[in-house]
Every structure is written in structure tokens, then in C-alpha cells.
Amino acid sequence: KSLLLRVRGTCVEHVRIDRNDVTLRGDDLGATISGPDGAIDVIRVTGSRVAIESIRITGGRNGITADSAPGLMVRSAVVQGTGRNGITYAHGASGVVDGSAVTGNARDGVAIESAAATVINSQINQNGRMGVGVFNGGSGRIGVDNENNPAGNIISANASNGIRIVF
């Protein structure tokens, strides 16, 4: 059975989602989760088929991390001002970033490390290193959806590369 969690206002906390079939959705325009500890991810997902929608994520280490989590969907989110990466897919995770703004993070906007992710219809800018980085056997579809339709991004003004594929 699926679970819908609605966020209203600003929550100063770290969230771990280890259950399958969860949607975390902002209930209003100001819905924010702000991670108070720069050593801990704001949202860490290990469950399958999780959606994070219409919410602002700030602070913490990484804004959103999918760790071995298949099917993480990040839609219409703003991920900014984190201590490391905005969104990270790692250790076999998979999913889609769609219609989101990932900006002003200390390191990479979106990092895909030993994982697979699609990044479409999003703005990724002013991050401290790469806009989108694909590392260590990762796979990224950037600007093309999973049916091969164009779904462009705006990737600009990042400190290093807009897109970088390594190892």
C-alpha cells in the first residue's frame, strides 16, 4: 500500500525513507525541509518507488540521496544550498529528476555514481563543481526522456563542467 506524506511550512530535520511506495509532497508553495547538520543528508532514500515532489530542500550534506534505491522520482523540487551535492543517485539506485531546479550547492548539482538516472526539464546552475556528473560506471540520460523524446535542461554557470562523465 502506498503512503503519501504532505509537508507544510518549514521542517528543520533529516528524513530517511526506507519504505517502498512513498510520496513526499509539498503541500504549499513554502514547503521546505532544511537539514540542520552538514554531515547528514537532508533526505536519504533506500526504499523503492519513492517520489519527492513540489518541495524545497536546503542545508545538510546532500539534499537528496538515493542509496541502492530503485525508482526515485524527483519532480518539481528545488534543491539548493546544500553542503555537497544537490541530488545523488548511488550504489545501483535509479530514477528521474524532472522539472526541478538544482542550484547553489557546494559540489555537484546532480551526481550519478554507480547508478542510473534521467535528468529532464530541469535547471541546474551555479553549483560549486559540476552541473551533472556521471561517475564510476554510472549511466545518465540527460535531456532525453526514457522514450527518447527531447526534454531539455538548462545547465549553466557551474564552477567546473556542465556535464562530466568519468570512469
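The values are calculated or read from the model by the stated rules, or taken from the named source; none is laboratory data. Given the structure is predicted, the values throughout are model-derived calculations rather than measurements. Heads up, the Cβs are rebuilt from the backbone with ideal geometry, glycines too, and the neighbour counts pull from every protein chain shown. Only protein heavy atoms, including side chains, enter the accessible area calculation; ligands, DNA and RNA are left aside. Shrake-Rupley method; radii C 1.70, N 1.55, O 1.52, S 1.80 Å.
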Open item on the list: With a 1.4 Å probe and all protein chains kept in place, how do Arg129, Arg16 rank by accessible area, largest first?
Closed with: Arg16, Arg129
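With the radius of gyration and the Kirkwood radius both derived from the Cα set of the range 1-132, what is their ratio Rg to Rh?
Details: Rg = 12.8 Å, Rh = 13.8 Å.
With Rg and the Kirkwood Rh in hand, the quotient comes to 0.92.
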Open item on the list: Ranking request for peptides 153-162, 39-48: highest mean number of other beta-carbon atoms within 10 Å first, then the rest in descending order.
Closed with: 39-48, 153-162
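Taking only C-alpha pairs under 8 Å that are 6+ residues apart, what is the relative contact order of the range 27-93 in percent?
Details: 179 pairs, mean separation 21.8, N = 67.
With pairs under 8 Å counted, the relative contact order is 33 percent.
Would you mind counting up the charge near Asp41? Only other residues with Cβ under 11 Å from its Cβ, with Lys and Arg at +1 and Asp and Glu at -1.
Working: positive: Arg16, Arg44, Arg61, Arg84; negative: Asp37, Asp67.
Neighbour charge sum, excluding Asp41 itself: +2.
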Task: Percent RCO, i.e. relative contact order, over the chain, from Cα pairs under 8 Å lying at least 6 residues apart - done: 14 percent
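Might you report the magnitude of the Cβ-based charge dipole of the range 97-167 about its Cα centre, with Lys and Arg at +1 and Asp and Glu at -1, to the nearest 20 debye? Write down the numbers at each step before the final one.
On the way: 4 positive and 5 negative charges, 54 e Å.
Roughly 260 debye for the range 97-167.
Multiply the residue gap between Asn161 and Asn136 by 0.36 nm, knock off their C-alpha separation, and tell me the result in nm, one decimal place. List each step's numbers first, then the result.
Values: separation 25, 0.36 × 25 = 9.00 nm, distance 1.69 nm.
7.3 nm is the gain from fully extending Asn161 to Asn136.
Multiplying the sequence separation of Ile154 and Asp21 by 0.36 nm and subtracting their Cα-Cα distance, what value in nm do you get?
Numbers: separation 133, 0.36 × 133 = 47.88 nm, distance 2.99 nm.
Fully extending the segment from Ile154 to Asp21 adds 44.9 nm.
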